[in-house]
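In what follows, a structure is listed as structure tokens, so that the remarks can point back to it.
The values are calculated or read from the model by the stated rules, or taken from the named source; none is laboratory data. Please read these numbers as outputs of a predicted model, since none were measured by experiment. Note that each Cβ is placed from the backbone with ideal geometry, even for glycine, and that neighbours are counted across all protein chains shown.
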């Protein structure tokens, strides 16, 4: 029974997946809809506007287009890779990837 407490909250996870599926299936997110509060109220782009598009362009190899979209995409990727490497190093140092001795 000890392993039951280690399982994720499956009903909540399935509910979240279902909600995301419904939103994508029925196209709740339209191109005219903005999730940026600053842009919605003022009509002006904030510093973060276009960052996800910039990251998308970087991952697809369109580096110039990514720079035109938002230069912060490069910083976001750099921070993400750095955080991932540091997390990997931390887990290796704490023995999470070592084999257990029988």
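Considering segment 40-62, and only residues there that are exposed (fewer than 12 other Cβ atoms within 10 Å of the Cβ) and in a helix (DSSP H, G or I), the residue that is modelled with the highest pLDDT turns out to be 59. Screening residue 73 against (1) modelled with pLDDT of 85 or more; (2) over 14 Å from the mean Cα position of the chain (by Cα); (3) surrounded by 12 or more Cβ atoms within 10 Å (Cβ to Cβ) leaves a single unmet condition, (2).
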